[in-house]
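The values are calculated or read from the model by the stated rules, or taken from the named source; none is laboratory data. Note that the coordinates shown come from a computational prediction; the quantities given were computed from them, not determined experimentally. Counting neighbours? That spans all protein chains shown, and the Cβs are built from the backbone with ideal geometry, glycine included.
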Amino acid sequence: MIDDGRRAAPRPLTAGREHVVPTLDEVARLAGVSRSTASRAINRGPRVSAATRAAVDAAVTELGFTPNRAARSLVTRRTDSIALVVPEPDERVLSDPFFAGTISGLTAALSASDLQLVLVLARPTEVATRTLRYLRNGHVDGAVVVSHHRGDALAVELERSGLPSVFIGRPLSGPRAEYVDVDNVAGGRLATDHLIRSGRRRIATVTGPLDMSAGVDRLRGWHDALADAGLPRDAVASGDFTTRGGARAARELLDRHRDLDAVFVASDLMAVGALGVLADAGLDVPGDVAVVGYDNAALAASASPPLTTVASPVASMARAAGELLVSRLTGSAPCVSPVILSPDLVVRASA
């Protein structure tokens, strides 16, 4: 039955009532409507007149009523939460400042809404089972995915599920997805061109994981800059965006290329590991070997020596991804082309 705005005479609430937390029944009584009508008005459901909605809103304000989120979700089919999905081992999430910046940016994007952020640490072996099952089963209204890999199937499966999602970083496989990224090819080139201009001619690189677009694109920027300068492009070692991985790759480069005079390292964490290996080998930075990192994490400025690096706007990327997802959930914006931010070079003592 459609509510026409006519209300029964309100019955006064008992003075000095014992309830500390007001109930939906009390809101309905004060507004002079049925419990179901009060529920529809609070949840902005159909078949509620403007006059009734105003009366219920006034009762909610007077009583200080807070809707039960679980009950509300039964009416709206919404959970008022979104997931930040990170398909990485727990230890990397806890040690890499990239993820702290991501959380900060997403939190800023959600600050003006009622949406809550749920962190989903998706161990690589569980992405195809436990993680996707959680995302498909209605626990969240949407997802932001960061640090994804070529084989984790997230882009494909989220597209199939219909769950609104935005990626931070370009997915390397699957259907066309909405994503926010930094121009990592330009960033890799920015770092390498700086080394070339400073007179370096034997420039190595420590790559990021090559099953991630950041690793692939930063390597391409390094390669293209050296090709244009007519310099050799064989001094390459693979890393994994960890300090330990950077140290291992730096030792490999020193063993194979004794003549290198510069290294572009695809993350600051790996660059810090490389600095330690160079120091242990008795090489001066930047006198013998110049080093450029990537990310401009806080640890870059406190490294020894302070690290020249490419600034990647992590928090801005995460905020843009969160704002895109909120727009999708509210229906205020259609799917958009990728959002690509620009990197900057921050010059310090290491190069």
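Things worth noting here:
- Within segment 21-41, restricting attention to residues that are crowded, with 21+ Cβ neighbours inside 10 Å and among the β-branched types (V, I, T), the residue that is farthest from the chain's Cα centre (by Cα) is V33.
- From the options A155, A143, A109, residue that is closer than 15 Å to I82 by Cβ and not in a strand (DSSP E or B): A109
- With a requirement of 3 or more residues that are within 22 Å of R197 (Cα to Cα), among the aliphatic types (A, V, I, L, M) and over 16 Å from the mean Cα position of the chain (by Cα), the strands (runs of 3 or more DSSP E) lying completely within segment 289-345 that satisfy it span 290-295.
- Checking each residue in segment 28-47 for being at pLDDT 85 or above and not in a helix (DSSP H, G or I) picks out G32, V33, S34.
- Boolean, L172 is in a loop (DSSP other than H, G, I, E, B), among the aliphatic types (A, V, I, L, M), within 13 Å of D217 (Cβ to Cβ) and touching a helix residue (DSSP H, G or I) at 6+ places or on another chain (Cβ under 7 Å): yes
- Picking from residues in segment 238-269 that are crowded, with 24+ Cβ neighbours inside 10 Å and among the aliphatic types (A, V, I, L, M), the one that is farthest from A100 (Cα to Cα) is A262.
- The sole residue among D228, D211 that is at pLDDT below 95 and either assigned by TED's automatic domain parsing to the domain that holds P124 or among the charged types (D, E, K, R) (or both) is D211.
The rows are residues; the columns are (1) part of a helix (DSSP H, G or I); (2) more than 19 Å from D152 (Cβ to Cβ).
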residue: G215; (1), (2): yes, no
residue: R218; (1), (2): yes, yes
residue: W222; (1), (2): yes, yes
residue: A225; (1), (2): yes, yes
residue: P232; (1), (2): no, yes
residue: A237; (1), (2): no, yes
residue: F241; (1), (2): no, no
residue: G246; (1), (2): yes, yes
residue: A249; (1), (2): yes, yes
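- Check on A237, hydrophobic (A, V, I, L, M, F, W, C), touching a strand residue (DSSP E or B) at 6+ places or on another chain (Cβ under 8 Å) and touching a residue at least 40 places away in the same chain (Cβ under 8 Å): no
- Of the residues in segment 277-293, none is touching a residue at least 40 places away in the same chain (Cβ under 8 Å) and either of a type in the set (S, T, N, Q) or in contact with a Cys (Cβ under 8 Å, 6 or more places away or on another chain) (or both).
- Check on V166, touching a residue at least 60 places away in the same chain (Cβ under 8 Å), crowded, with 17+ Cβ neighbours inside 10 Å and within 24 Å of I103 (Cβ to Cβ): yes
- Looking across segment 204-224 at every residue that is hydroxyl-bearing (S, T, Y) and within 18 Å of E252 (Cβ to Cβ), the one that is nearest to the chain's Cα centre (by Cα) is identified as T207.
- Against the test of being within 16 Å of the chain's Cα centre (by Cα), hydrophobic (A, V, I, L, M, F, W, C) and at pLDDT below 90, the options L117, L154, L132, L172 yield a single qualifying residue, L154.
- Any hit, segment 311-330, residues being surrounded by fewer than 16 Cβ atoms within 10 Å (Cβ to Cβ) and assigned by TED's automatic domain parsing to the domain that holds I196: no
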